[in-house]
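To keep things clear, I will list the structure first and then write my remarks on it.
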Amino acid sequence: MRLRSIIVILLFYFLGLIQNSFFVHFNISGAGPNFIFILFFLLVFFPARGGPALGWENILYSTIAGLFLDIFSDSYFGTSVVILLFIAFLEKKLFYLLKERKNKYSVVYFAPLFSIFLIIYHILSGMYFYLLDFSYINIGWFLLIKIIYSLVFAIPGFYIYKKITLSA
């Protein structure tokens, strides 16, 4: 296993602990940032150099992020893994349509894609958890606050990750 994979696993663990211990006290209307999803989306948004559209790294990221999301949530175990694999596949398909020339990645693409895929994750996990009972899926202020709160951390993370990844 490469050193990068070990570091990513430790980052998912650390962000899961921060998300569920420290940031629980700083929620807005019950919504807090989803750091695990932010890191997952950053890793999938910026592809590995020369890697395939959905390579082993994206499968690893989806699996590890899904496991940590399931560990720190009250949903069924394995739900988030399947949903994140689906999101990684969709994101990679859309990525090739939106990629600018010379490997430039724009926050104009990142922010809406992040928001859309966070909504998809919320809807799919709600559908699975409540066994396709759509009355429990809450798409309202809670989700809007969660998206905005997560974007507050995702956009600076985008620029930091972009600088680290593209300068290396």
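The values are calculated or read from the model by the stated rules, or taken from the named source; none is laboratory data. What you are looking at is a predicted structure, and each value in this text was computed from that prediction instead of being measured. Ideal geometry is used to build each Cβ from the backbone, glycine not excepted, and the neighbour counts take in all protein chains shown.
Surrounded by 15 or more Cβ atoms within 10 Å (Cβ to Cβ) and modelled with pLDDT under 75, is that true of Ile120?
So Ile120 does not fit the description; no.
Working carefully through the options Ile164, Ile148, Ile160, find the one that is hydrophobic (A, V, I, L, M, F, W, C), at pLDDT 85 or above and farther than 16 Å from Phe37 by Cβ.
Ile160
May I ask you to list the residues in the stretch 10-50 that are farther than 12 Å from Ser150 by Cα, surrounded by fewer than 18 Cβ atoms within 10 Å (Cβ to Cβ) and among the aliphatic types (A, V, I, L, M)?
Leu10, Leu11, Leu17, Ile18, Val24, Ala48
Return the residue satisfying two criteria in turn: it lies in the stretch 7-36 and is at pLDDT 85 or above and β-branched (Val, Ile, Thr), and of such residues it is nearest to Ala154 (Cα to Cα).
Ile36
Only residues that are free of Cβ contacts under 8 Å to residues at least 24 places away in the same chain and under 16 Å from Ile38 (Cα atoms): list them for the stretch 74-91, please.
Val81
Does Phe134 qualify as being at pLDDT 70 or above and hydrophobic (A, V, I, L, M, F, W, C)?
no
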